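Structure, as structure tokens:
The values are calculated or read from the model by the stated rules, or taken from the named source; none is laboratory data. Computed from a predicted model, the values in this text were never measured in an experiment. Quick reminder, even Gly has a Cβ in these numbers, built from the backbone with ideal geometry, and neighbours come from all protein chains shown. Side chains included, ligands, DNA and RNA excluded: accessible areas come from the protein's heavy atoms. Shrake-Rupley method; radii C 1.70, N 1.55, O 1.52, S 1.80 Å.
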Amino acid sequence: RAAHGPIDIVVANAGMASSAPAAKITPAQWQEIIAVNLTGAFLTVQAALADVTRPSEEPRRIVFIASTAGLKGYPYVAAYVAAKHGVVGLARALSLELASTGVTVNAVCPGYTDTPLLDEAAAKIAAKTGRSADDSRAHLAKDNAHGRLITPDEVAQTVLWLCSPAATSINGQAIAVTGGPI
């Protein structure tokens, strides 16, 4: 704030996942995943609320990075799915709460994206199934409608658009970045 002034745009982007059958998730694992993915997103935004809700001529935006896991379920990642559903719900609640201030709040929900988190998932799948890491990545990519992994740049471009003047009336939405419908 001292260097750049008040905050106009907040992008809450945190994610971690571990996979296990629901019956084997420990309370500590559950709490950690919820803490990073949901509570971390909330605390990030809460810290900036006084800035983004102030009267301003500048567009003020809050964008949560959720996941398609916030729009549908996936097996063996119940805590992650629950957390990302929570992020989508949080975006929708805040969009209504803050609408009169001129702030828009949305969630970007990427499908399987070519990131270190995906690399970890592919390595675990490879270790458990005997597939190669490349085969595991390809298997995950099939869940995206166009059959390839989403690029981080595609996610970033969606966020940039939501922060632009062109998206002034986009509020309370969960935008899937998947190459097709969910």
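Evaluated over the Cα positions of the chain, the convex hull gives a direction-averaged projected area, one quarter of its surface, of 11.3 nm². Accessible surface area normalised per residue over the chain is 52 Å², counting heavy atoms of protein chains with a 1.4 Å rolling probe. Amide H contacts of I9: R61, each under 5 Å away and 5 or more positions distant or on a separate chain (H built 1.01 Å from N in the peptide plane; Pro and chain starts excluded). Surface composition of the stretch 42-182: carbon plus sulfur atoms contribute 59% of the solvent-accessible area (1.4 Å probe, protein chains only, all chains present).
Phi-derived couplings, Karplus 6.51 cos²θ - 1.76 cosθ + 1.60 at θ = phi - 60°, listed residue by residue for the stretch 100-109: 5, 8, x, 7, 9, 10, 9, 10, 9, 10 Hz, with x used for Gly and Pro. Once the chain from A22 to A156 is taken as fully extended at 0.36 nm per residue, the excess over their C-alpha distance is 45.0 nm. Remark: the A133-A99 segment gains 7.8 nm on full extension, using 0.36 nm per residue and subtracting the alpha carbon distance. Would you mind checking the tilt of helix 152-162 against the longest principal axis of the Cα atoms of the chain, expressed as 0 to 90 degrees and rounded to 10? Its long axis makes an angle of about 30 degrees. Taking 7 Å along the Cα-to-C-beta vector as the label spot, tell me the E120-A166 distance in nanometres, rounded to one decimal. Roughly 3.4 nm, to one decimal. Loop-located trypsin sites (Lys or Arg not before Pro) in the stretch 77-182 (DSSP state not H, G, I, E or B) with no more than 16 neighbouring Cβ atoms inside 10 Å: R131, K142, R148.
Counting other Cβ atoms within 10 Å, which GluC sites (Glu not before Pro) in the stretch 44-130 have at most 12 and lie in a DSSP loop?
Those that pass, being in a loop and sparsely packed, are E57.
Each part gets one Cα centre, and for the stretch 17-91 versus the stretch 145-182 those centres are 17 Å apart.
Legend: calculated FRET efficiency, I7 to A145, from the Cβ-Cβ distance at R0 = 30 Å, rounded to 0.05, equals 0.30.
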